């Protein structure tokens with residue numbers, strides 16, 4: 001980068017200019033919010049139809065009981081618990097990745113953090129929802145508050161997930177304020193009132209900016225341990241029992257790694273869709289996908305490391321009770337799911353992402369789609385095979401999910417996509433003020449920072 | 001309480017057991033468990049608080065099949081109680097593991113945590129064919145759909161026996177209280193009583209060299225003992 005460009009890039013910081021007179025630059029980021037095409041309505045209608053099917057399935061279950069599922073004794077948990085772990089895992093996309101990138105001052109984060117944070121907040125509802133759907137008596141939900149017992153790992157989940165939902169919502173809402181203020185000044189009528197209420201009187205004064213940046217940094221630090229705790233206690237639901245295949249000390253970190261893994265994959269898919277649908281090729285560039293692809297590659301390897309450790313240790317110990325589950329996965333009736341998981345979570349992403357030429361937009365999208373499927377199967381092959389091989393022998397076990405369970409899975413996924421779409425219509429999905437800040441003050445700051453790493457010397461010398 | 005230091009327990013003598021299933025049937029009618037139907041059986045959803053579990057031993061041609069009568073083990077260290085998020089299951093001073101149907105939220109964490117798989121879930125509203133519903137036991141509540149249930153050692157019988165003893169102003173006698181399965185066993189294969197009472201038959205049998213408990217190495221401390229078959 002030339003000196004001239006750096007000094008020339010001294011664009012006034014957002015607070016220095018009135019929002020109304022906002023230049024035409026970054027207009028593309030406001031267009032999805034201010035203009036809606038027929039394509040949006042077609043997609044929304046299709047997703048609503050699938051979500052309605054899921055709702056219909058749930059009403060059927062509410063009326064007749066969990067008998068409409070394929071669940072039985074001893075496979076008491078199935079698709080719903082798989083969904084719970086899977087959705088909570090996806091929620092690690094946002095907050096965690098966004099917070100880490102912010103704290104690491106990774107400048108390329110600016111156009112992707114918001115899309116990540118929205119995934120988190122929205123998908124947590126489906127994680128919590130999956131637990132409610134799984135309950136035999138959802139009408140007694142409040143018993144968890146009235147009679148809650150902290151000895152039960154489920155209570156740890158309730159606490160941790162609630163904290164995560166609150167923190168991530170706050171963490172999403174804070175950086176939204178300057179953009180909401182921008183919209184407030186660009187809209188009229190009801191929408192104006194809506195944005196005015198949410199903008200909390202943002203004027204972009206230096207004091208307001210200082211407070212905002214302080215709060216964002218504090219939240220970025222807070223959400224990381226909370227996020228790690230969430231998937232750790234999700235794993236504890238399984239690991240704290242003595243059931244074969246579950247009672248493992250690495251389950252906490254193993255689940256956290258899987259969660260971040262599936263979260264990055266979901267983020268890549270979301271960012272690719274946003275880029276294609278709203279034509280934001282100038283903001284979401286191949287370099288973003290390449291960098292996210294590297295992160296996904298790191299998680300691919302970490303996931304394999306954990307999976308390998310888990311299965312090798314079990315094999316070497318060769319406790320017959322654990323080996324019954326082990327063989328059921330390796331060569332028994334869960335082998336198709338298990339080996340599809342290994343292919344989708346390791347073989348395909350490794351092949352695509354390790355190669356610079358295939359770590360393109362299309363390549364990372366293919367790898368991420370595989371990882372999403374593979375990680376759902378990973379949760380499935382943790383929940384179902386262990387329950388299918390109870391410790392006490394002589395108990396017959398088979399489980400295949402019913403239409404109700406599949407419809408609810410489809411419905412949750414569609415409802416999530418629908419809510420995400422609606423969000424992009426209400427708020428800019430790429431943070432405008434952060435992009436502007438990146439273009440302006442941050443360039444200077446990065447140059448200063450890089451200089452501060454090095455001893456003083458002659459510039460430009462080899 | 002009159003019965004301080006009581007630990008109710010059971011000893012099942014496999015040498016005497018003929019696998020006739022009288023205990024299974026008696027339990028079902030005593031505790032208002034709906035009779036199994038073909039659909040429930042095919043779906044693996046039949047409820048049997050007392051069940052005969054097939055245990056295969058050895059390999060062909062020296063293969064042996066044993067049918068193990070299996071109630072709730074009423075563990076002294078029950079894994080089910082630890083995981084319940086709402087305290088819907090608890091262990092009493094007398095060692096009986098109870099289930100509070102009106103508090104259970106149906107999360108089925110206890111059913112997955114129990115290593116003996118003795119906990120059952122009401123997948124649907126229970127139903128009784130014909131006029132069987134008219135012969136329900138008034139001492140036992142009928143469980144609604146969506147909650148977990150299991151063997152209670154016929155706890156209602158203990159409550160009744162206590163009340164009777166109190167009315168007659170006397171201590172509870174060892175033969176005042178036995179669960180339905182014990183009463184129904186035609187081979188006298190099931191002994192029941194206070195494991196802490198040195199004079200009780202059940203305590204003596206539990207210390208027999210033939211005595212063992214299921215999955216003993218898990219440390220759950222079951223109060224149901226089995227007596228190995230003689231050779």
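Derivation of every value follows stated rules applied to the coordinates shown; laboratory data play no part. This is a predicted model, so every value here is computed, not measured. Cβ coordinates were reconstructed from backbone atoms using ideal geometry, including for glycine residues, and neighbour counts include every protein chain displayed.
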Order of A:125, A:289 from fewest to most other C-beta atoms within 10 Å? A:125, A:289
Rg/Rh for segment A:260-349: what does it come to with C-alpha atoms and Rh from Kirkwood? 1.16
Work out the P(r) tail for the protein assembly as shown: percent of alpha carbon pairs separated by more than 38 Å, whole number. 46 percent
Average partner chain C-beta neighbours within 10 Å, per residue of A:385-396? 5
Take every Cα-Cα pair in chain B and report what % of them are more than 28 Å apart. 31 percent
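Stokes-Einstein at 10 °C, 1.306 mPa s, Kirkwood radius from Cα pairs: D for segment B:92-207 in µm² s⁻¹?
For the chosen part, D equals 95 µm²/s.
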Angle between the Cα long axis of helix A:286-317 and the longest principal axis of chain A, 0 to 90 degrees, nearest 10? 20 degrees
Tell me the angle of helix A:361-388 to the major Cα principal axis of chain A, expressed in degrees between 0 and 90 and rounded to the nearest ten. 30 degrees
Protection-proxy order for peptides B:26-39, B:7-20, each taking the mean of Cβ atoms within 10 Å per residue, highest first: B:7-20, B:26-39
Counting partner chain Cβ atoms within 10 Å of every residue's Cβ in B:110-120, what's the average? 6
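When Rg is the radius of gyration of the Cα atoms in segment B:116-157 and Rh is its Kirkwood radius, what does Rg/Rh come to?
Radius of gyration over Kirkwood radius for segment B:116-157 works out to 0.98.
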Could you pull the Rg and Dmax for segment B:143-231, using just the Cα atoms, both in Å? 15.6, 48
Everything considered on the Cα gyration tensor (a ≥ b ≥ c; rounded for a/c under 1.5, else prolate if a/b is larger than b/c, else oblate), segment A:75-209 must be described as prolate
What are the semi-axes of the equivalent ellipsoid for segment A:164-267, taken as the square roots of 5 times the Cα gyration tensor eigenvalues, largest first, in whole Å? 40, 15, 10
Taking segment B:58-119 as the region of interest, what is the percent of Cα-Cα pairs per 10 angstrom bin, listed from the shortest bin to the one with the maximum distance? 20, 43, 19, 12, 6, 0
Please average, across the residues of A:134-147, the number of beta carbons from any other chain that are within 10 Å of each residue's own beta carbon, and give a whole number. 6
Mind putting together the pair-distance distribution for segment B:1-110? All Cα pairs, 5 Å bins, whole percent per bin, short to long. 2, 9, 13, 17, 20, 18, 11, 5, 3, 1, 0, 0
Distance between segment B:71-107 and segment A:239-263 - C-alpha centres, whole angstrom: 26 Å
Compute the orientation-averaged projected area for segment A:103-149 from the convex hull of its Cα atoms and round it to one decimal in nm². 5.3 nm²
Principal axis extents for segment A:391-445, Cα atoms only, whole Å, descending order, please. 70, 29, 10
Rg ratio (alpha-carbon, reference 2.2 N^0.38 Å) - segment A:283-427: 1.28
Sequence ranges A:293-303, A:68-78, A:206-216, ranked by mean other-Cβ count within 10 angstrom, highest first: A:68-78, A:293-303, A:206-216
Applying a 10 Å radius around every beta-carbon, put B:193-201, B:176-184, A:244-252, A:114-122 in order of their mean neighbour count, most first. A:114-122, B:176-184, A:244-252, B:193-201
In degrees from 0 to 90, rounded to the nearest 10, what is the angle of the helix A:251-278 Cα long axis to the longest principal axis of chain A? 50 degrees
